[in-house]
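For reference, the structure discussed in these notes is given below.
The values are calculated or read from the model by the stated rules, or taken from the named source; none is laboratory data. Just so it is clear, the structure is predicted and the values come from calculations on it, not from any experiment. Reconstructed Cβ throughout: ideal geometry from the backbone, glycine too, with neighbour counts over all protein chains shown. Calculation scope for accessible area: heavy atoms of the full protein, side chains included, ligands and nucleic acids excluded. Shrake-Rupley method; radii C 1.70, N 1.55, O 1.52, S 1.80 Å.
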Amino acid sequence: MDIVDLILDLTVQGVKALYGQEVSKKSLIYNATRKEFEGDYTIVVFPFTKAARKKPEQIGEELGQYILEHSDGVIPRFNVVKGFLNLVVSDQYWKEYIEQIVDRKDFGKHPSTGKKVLVEYSSPNTNKPLHLGHIRNILLGWSCAQILEAAGHEVKKVQIVNDRGIAICKSMLAWQKFGNGETPESSQIKGDFFVGKYYVLFEKKFQEEYGLWQQSEQAKATYAEKKKEEQSEEGFFKAYKNRYFNNHSQIGEEARDLLLKWEANDPAVRQLWTMMNAWVYDGFEQTYADLGVSFDKLYYESDTYLLGKAEIEKGLEKELFFKKEDGSIWVDLEEAKLGEKTLLRSDGTSLYITQDIGTAQLRYQDFGMDQMVYVVADEQNYHFQALFETMKRLGAPFADRMYHLSYGMVDLPSGKMKSREGTVVDADVLMKEVIEEARKRVAEGTSDVLNLPAEEQEDIFRKIGLAALKYFIIKVNPRKRMTFNPAESVELQGQTGPYIQYSYVRIHGVLETAAQEAIDLSLAANYESLAPIEREIIRQVYDFPNLVLQAANDLDPSLLANYCYELAKSFNKFWHDHSILSAESLEAKAFRLKMSKTLGYVLSEGLRMLGIEVPHKM
């Protein structure tokens with residue numbers, strides 16, 4: 001018997017019996033009772049005033065009495081505060097609930113829905129290592145996938161590797177011009193870092209060229225011709241940089257020529273591209289393994305952009321798109337208030353939307369998914385709005401099932417990161433930093449961890465450090481921009497991953513000790529009166545399955561992250577105020593052990609869905 005269903009059913013029946021009003025369960029407004037009032041669940045009675053023609057307080061008293069009389073003792077008492085009916089669930093119900101779930105290994109998981117969901121995340125360019133921004137993307141994608149699976153969906157985790165395009169050609173050209181045959185092996189640099197070094201070098205060389213050009217007569221004439229009213233020379237050249245790259249830059253022309261040769265399948269260019277991408281893939285795989293994430297299938301832009309081109313040509317033939325005088329192909333999205341969007345450049349080279357069109361078609365052929373979720377930063381909001389509208393124009397059967405999980409960018413206390421300028425925080429470096437911070441924090445205390453073998457110590461430091469990193473990022477609503485502070489994330493107090501881990505470690509330690517005492521856990525049935533904090537904990541545990549569903553429906557792992565923190569906080573209050581192994585009676589000890597075991601499972605399972613491991617010692 002589900003307690004919320006019982007309360008809602010009795011409310012529907014009571015409103016009908018007392019006031020002759022038909023109401024549906026879905027229309028009822030209810031929530032957990034606020035902590036300053038006695039009760040577990042609160043029904044809002046204001047909507048019934050018209051039918052009852054009575055004051056809210058009187059309705060609350062009458063409806064409360066009806067529920068009390070028809071609940072078979074499950075609701076032993078109630079109170080009314082203005083238009084809010086606060087219902088108290090019996091201790092017996094909560095004790096029996098713990099008995100029902102204490103040994104369940106599927107608690108929080110839901111039956112199969114038959115729905116297939118594809119989640120795309122990470123999707124990096126092969127011209128630089130993964131960085132802090134990628135980490136937020138990866139952690140959101142991974143945790144959403146785990147939560148969706150727990151909600152009963154079949155989930156496929158994928159990424160599109162952006163392995164072609166002008167950005168990749170910049171790294172290739174820089175290595176060609178300045179690499180002198182250097183390799184990751186010869187330089188002892190991880191592959192993705194090695195290629196990223198040349199991407200930054202290209203930008204440096206381009207900036208040098210642009211700086212010299214700005215001193216030329218051509219640049220002064222361009223400024224005089226194109227400047228806006230009262231625009232400074234510095235402001236003009238800052239804004240003009242991309243146009244210079246496309247129209248004047250020598251190194252830019254060489255990079256574009258490399259891209260055209262790549263698309264023409266030039267053997268030497270393709271060989272260089274294959275070699276450098278292989279270096280990057282090796283680096284990516286190591287980073288993914290360190291983060292504890294994986295994918296079911298990888299797609300490559302170098303494969304899918306051709307499919308996108310074919311779809312665009314078909315759309316042009318059907319007059320869904322149009323060609324401009326310079327040969328570029330566009331789609332008119334004015335009806336959707338998105339303006340006109342370029343689908344192919346004038347020289348025939350593709351754009352991100354080109355490959356995304358092809359990739360979406362290919363994925364549908366592969367999986368026939370019911371929903372396709374793209375985890376991509378909010379700076380790409382327009383891109384995905386345009387993509388989804390374009391897929392509708394093409395008549396894709398899945399066009400209305402594409403969803404952009406738009407998340408805010410990640411800053412550091414020092415400000416915004418810039419990949420081309422080499423001012424990003426690389427994922428590998430950040431992981432090492434938080435693990436080192438965890439090692440330092442443990443060494444400052446008197447933890448038993450320091451007595452363990454070195455290998456076990458390192459595993460615990462890794463779990464604590466990565467929990468700090470992951471939780472600090474996931475606890476923020478995905479839509480919000482955030483600032484990551486490595487030192488704050490590792491704190492054992494406050495809303496951090498290590499704080500929740502420590503709560504689990506306490507539970508694990510108690511259960512280990514109790515296992516050696518051969519305690520008769522059946523005595524838990526005779527425990528009579530629950531303490532208020534015990535009731536609160538059980539009600540929070542009861543909320544876990546529904547919280548998983550809500551997080552899945554909203555694609556918001558922060559709901560689960562914050563739930564785990566609140567549950568850990570309640571346990572630590574219980575730990576402070578009550579004893580478990582030295583409880584006042586054997587019955588209390590047995591019940592609290594069962595409650596703690598259940599709570600420990602929920603914490604570990606909730607953290608698992610967030611990609612966080614739990615240590616047994618801290």
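When we screen 501, 516, 540, 550 for residues that are under 16 Å from residue 606 (Cα atoms) and free of Cβ contacts under 8 Å to residues at least 12 places away in the same chain, the only hit is 550. Checking the stretch 18-28 against the condition returns no match, with no residue being at pLDDT 95 or above and crowded, with 20+ Cβ neighbours inside 10 Å.
Helices (runs of 4 or more DSSP H) fully within the stretch 229-302 that include at least 2 residues being in contact with a Cys (Cβ under 7 Å, 6 or more places away or on another chain): 250-263.
Across the stretch 451-493, the qualifying residues are those that are assigned to a loop (DSSP other than H, G, I, E, B) and charged (D, E, K, R), and the one among them that is least open to solvent (accessible area, probe 1.4 Å) is 475.
Within the stretch 186-210, the residues that satisfy the criterion of being free of Cβ contacts under 8 Å to residues at least 24 places away in the same chain and open to solvent by 40 Å² or more (accessible area, probe 1.4 Å) are 186, 188, 189, 197, 204, 207, 208. If the requirement is being touching a residue at least 12 places away in the same chain (Cβ under 8 Å) and surrounded by fewer than 19 Cβ atoms within 10 Å (Cβ to Cβ), which of these qualifies: 222, 183? Going through 222, 183 in turn, just one is touching a residue at least 12 places away in the same chain (Cβ under 8 Å) and surrounded by fewer than 19 Cβ atoms within 10 Å (Cβ to Cβ): 183. Quick one: is residue 90 within 40 Å of the chain's Cα centre (by Cα), under 25 Å from residue 371 (Cα atoms) and of a type in the set (Gly, Ala, Ser)? Considered against the rule, which asks whether it is within 40 Å of the chain's Cα centre (by Cα), under 25 Å from residue 371 (Cα atoms) and of a type in the set (Gly, Ala, Ser), residue 90 comes out as no.
Please work out if residue 331 is within 22 Å of residue 199 (Cβ to Cβ) and β-branched (Val, Ile, Thr). No: the conditions fail for residue 331. Of all the criteria given as (1) open to solvent by 50 Å² or more (accessible area, probe 1.4 Å); (2) on the phi > 0 side of the Ramachandran plot, the one not satisfied by residue 555 is (1).
Within the stretch 245-265, the set of residues being surrounded by fewer than 18 Cβ atoms within 10 Å (Cβ to Cβ) and either aromatic (Phe, Trp, Tyr) or without any contact (Cβ under 8 Å) to a residue 12 or more places away in the chain (or both) comprises 246, 247, 253, 257, 261, 264, 265.
Checking the stated criteria, residue 301 turns out not to satisfy the condition of being open to solvent by 10 Å² or more (accessible area, probe 1.4 Å) and either within 30 Å of residue 222 (Cβ to Cβ) or touching a residue at least 40 places away in the same chain (Cβ under 8 Å) (or both). Selection of the stretch 256-284 for residues being over 15 Å from residue 163 (Cα atoms) and under 36 Å from the mean Cα position of the chain (by Cα) yields only 256. So, in the stretch 50-76, of the ones that are in contact (Cβ under 8 Å) with a residue 24 or more places away in the chain and not hydrophobic (A, V, I, L, M, F, W, C), which residue ends up surrounded by the most Cβ atoms within 10 Å (Cβ to Cβ)? For the stretch 50-76, the residue satisfying everything is 60. Of all residues in the stretch 29-40, those being surrounded by 17 or more Cβ atoms within 10 Å (Cβ to Cβ) and small (Gly, Ala, Ser) number 1.
Residue 507 passes every criterion in (1) surrounded by 17 or more Cβ atoms within 10 Å (Cβ to Cβ); (2) hydrophobic (A, V, I, L, M, F, W, C); (3) closer than 23 Å to residue 290 by Cβ apart from (3). Just one residue in the set 394, 343 is among the hydrophobic types (A, V, I, L, M, F, W, C), open to solvent by 30 Å² or more (accessible area, probe 1.4 Å) and closer than 30 Å to residue 327 by Cβ; that residue is 394. The residue that is nearest to residue 535 (Cα to Cα), counting only those in the stretch 570-610 that are open to solvent by less than 60 Å² (accessible area, probe 1.4 Å) and not in a helix (DSSP H, G or I), is 578.
Per this entry, residue 4 is not counted among residues that are part of a strand (DSSP E or B) and under 41 Å from the mean Cα position of the chain (by Cα). The single condition from (1) open to solvent by 10 Å² or more (accessible area, probe 1.4 Å); (2) closer than 27 Å to residue 277 by Cβ; (3) touching a Leu at 6+ places or on another chain (Cβ under 8 Å); (4) not acidic (Asp, Glu) that residue 323 fails is (2). Can residue 9 be described as part of a helix (DSSP H, G or I) and loosely packed, with under 13 Cβ neighbours inside 10 Å? No. The sole residue among 541, 510 that is farther than 22 Å from residue 41 by Cα, at pLDDT 95 or above and β-branched (Val, Ile, Thr) is 510. Taking the stretch 89-99 as the range and being of a type in the set (A, V, I, L, M) and either surrounded by fewer than 18 Cβ atoms within 10 Å (Cβ to Cβ) or over 23 Å from residue 29 (Cβ atoms) (or both) as the test, only 98 passes. Annotation note: of 239, 289, 224, 310, the sole residue that is over 27 Å from residue 357 (Cα atoms), modelled with pLDDT under 95 and under 36 Å from the mean Cα position of the chain (by Cα) is 239. Of the listed requirements (1) open to solvent by 60 Å² or more (accessible area, probe 1.4 Å); (2) of a type in the set (S, T, N, Q); (3) in contact with a His (Cβ under 7 Å, 6 or more places away or on another chain), residue 122 misses just one: (1).
When restricted to residues that are touching a helix residue (DSSP H, G or I) at 6+ places or on another chain (Cβ under 8 Å), over 16 Å from residue 608 (Cβ atoms) and open to solvent by 10 Å² or more (accessible area, probe 1.4 Å), the stretch 135-163 contains 3. Which of the residues that make up the stretch 266-286 are open to solvent by 80 Å² or more (accessible area, probe 1.4 Å) and either modelled with pLDDT under 95 or of a type in the set (D, E, K, R) (or both)? Listed by number, the residues that qualify are 282, 285.
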